[in-house]
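Readers should treat all values here as calculations from the given coordinates under stated rules, not as data from a laboratory. Predicted model, so just to flag it, every value in this text is computed and none were measured. Please note: Cβ atoms are built from the backbone with ideal geometry, for glycine as well, and neighbour counts cover all protein chains shown.
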Amino acid sequence: MKIAIISDIHLGDENCKLLESGTVTHAYEALRDAIKDFGGGNPLDYLILNGDILDFSVNTFEESCKTARPVFKSIKNDNLTKEIIYIPGNHDKHVWDAVEWETNIIRKMKDHEDPRKFRRTQPGLLDYDSGHLHLPGVSIVKGTGLYGTLFLEGLFEKDNVLPINIVYPNLYIKTGSDVYLVTHGHMLELAWVLLSELFSGEPELAGKTGLAELEEYNIPLTSMVCTGVGQGGAVSKIFYQIQKEAKSGKTSRLKKVLDNILPKLDKLIELPWYAEIMDNVLLKGIRKGAIYIAEDVKESRYDEEFFQRKSVRHRFLRFYAASCVQAEDLGLIPPRKIIFGHTHEPISAAEPMEIEDLSQLKGEKAFLYNTGGWLRDEGKTAEVFFIDDNGVVSSVNIS
């Protein structure tokens with residue numbers, strides 16, 4: 001079995017390296033050539049898209065999908081792979097939400113059946129012994145050996161599609177001697193687990209906190225910060241301008257927005273005259289605090305030391321423990337090799353980050369890898385990971 005792994009393409013973002021004016025670029029050709037070299041001219045068994053492939057946080061659903069088509073058509077026409085495994089990240093998590101709606105609500109009600117509860121997660125297992133993907137709880141279409149078709153196959157030309165399998169948030173790869181965990185990495189971000197951390201200790205949240213619970217408890221916030229912010233028309237454009245400035249430490253657009261919003265907010269809050277002083281102080285504090293955060297923000301993207309931060313380390317340990325429980329349910333040992341995306345800072349197969357103190361591994365080291373990203377304005381590179389027939393990982397860097 002031969003596998004390739006990439007992430008953080010951000011189709012829908014105008015700075016995506018793989019597209020220029022609706023046509024695939026030299027960066028795509030470099031990716032294509034690397035995959036063909038690894039496959040010896042034959043299609044891979046699986047191409048794994050490890051999150052932030054479509055970008056719904058900076059563009060609408062319809063425009064992002066429309067923009068993505070040339071890349072997906074080229075993947076098929078260039079015969080790069082037999083199947084695709086898509087693991088949504090924070091910028092395209094609504095792909096997984098759409099699968100939840102389609103399989104648990106729409107199809108059931110169309111057949112006049114009761115809707116099912118959302119799964120919240122769907123692990124996938126690529127087993128080198130069996131040579132194919134297993135999705136626990138999902139039925140294979142009789143006589144095909146494949147799982148059912150999903151809407152994403154509409155990204156290809158009609159009658160010339162590739163099977164796309166959706167996994168969220170974890171894919172496990174079992175080779176002869178190793179277990180790999182492939183996951184986007186957004187669950188290590190504070191925004192993705194903020195509500196469960198703030199409400200920890202409440203009796204309603206007591207007990208098991210696995211991957212499904214981490215996902216479910218935080219939906220009220222993550223639905224907004226993930227993709228909702230990209231669907232607000234002109235308001236989304238304002239957020240995008242603020243976000244782009246903040247990346248370079250600038251706040252002029254934010255200041256204009258705050259100078260417009262805060263006086264209106266002051267008028268909406270009706271207080272007695274003696275409380276107005278405190279109200280004005282609070283609003284000034286909000287303005288000052290928002291500008292300070294924007295100027296000094298240290299986000300995960302571009303952060304070479306993201307996985308070494310104390311707060312991220314805490315969330316990683318919790319996420320890894322929950323993933324080990326899920327792996328055990330699949331009959332697997334704890335994963336020793338973990339391939340992330342999310343940060344856009346590549347960590348190659350030749351120089352992985354080592355972690356020595358994971359209790360689940362009983363003294364053995366874990367190795368972290370990162371796929372980097374594919375945005376022109378970053379000045380960063382991308383790492384394409386390969387796992388060969390013997391389960392050995394390697395990578396190729398593409399600028």
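Kindly provide the helix-only [θ] at 222 nm of the chain, computed as the sum of -39,500 (n - 2.57) over DSSP H runs of four or more divided by all residues, to the nearest 500 deg cm²/dmol? Before the final figure, lay out the partial values.
Numbers: 11 runs with 142 residues, N = 399.
It lands at -11500 deg cm²/dmol.
So how much slack lies between ASN397 and THR25, counting 0.36 nm per residue of separation and subtracting their Cα-Cα distance, in nm? Additional length available on full extension: 132.3 nm.
Think of the chain as having a plus end and a minus end, set by charges on the Cβ of Lys, Arg, Asp and Glu; of LEU254, PHE340, ILE9, LEU254 sits farthest toward the positive end of this dipole. Across q = 0.09, 0.14 Å⁻¹, the chain modelled as identical point scatterers on its alpha-carbon atoms has Debye log10 I(q)/I(0) values of -0.57, -1.34, in the order of the q list.
Short-range pairs are left out: with C-alpha atoms under 8 Å and at least six residues apart, the relative contact order of the chain is 20 percent.
Between ASN260 and GLU153, the modelled label-to-label distance comes to 4.5 nm, taking each label 7 Å out from Cα in the direction of the beta carbon. Counting Lys and Arg as +1 and Asp and Glu as -1 over every other residue whose Cβ lies under 9 Å from the Cβ of VAL393, the net charge comes to -1. When its C-alpha radius of gyration is set against 2.2 N^0.38 Å (N residues), the stretch 130-169 gives a value of 1.25. Applying 1/(1 + (r/R0)^6) with r as the Cβ-Cβ distance of ALA212 and ALA321 and R0 = 22 angstrom yields a FRET efficiency of 0.95. Applying 1/(1 + (r/R0)^6) with R0 = 45 Å to the Cβ-Cβ distance of VAL141 and THR381 gives a FRET efficiency near 0.70. For SER130 and LEU195, the FRET efficiency from 1/(1 + (r/R0)^6), where r spans their Cβ atoms and R0 equals 45 Å, is about 0.70.
Label positions at MET109 and GLU328, each projected 7 Å from the Cα along the C-beta direction, are separated by 3.8 nm.
Here is the P(r) of the stretch 155-241: all C-alpha pair distances, binned every 10 Å from 0, give 13, 29, 30, 22, 5, 0 in whole percents. Computed packing ranks the peptides 343-353, 142-152 as 343-353, 142-152, most packed first, by mean other Cβ atoms within 10 Å.
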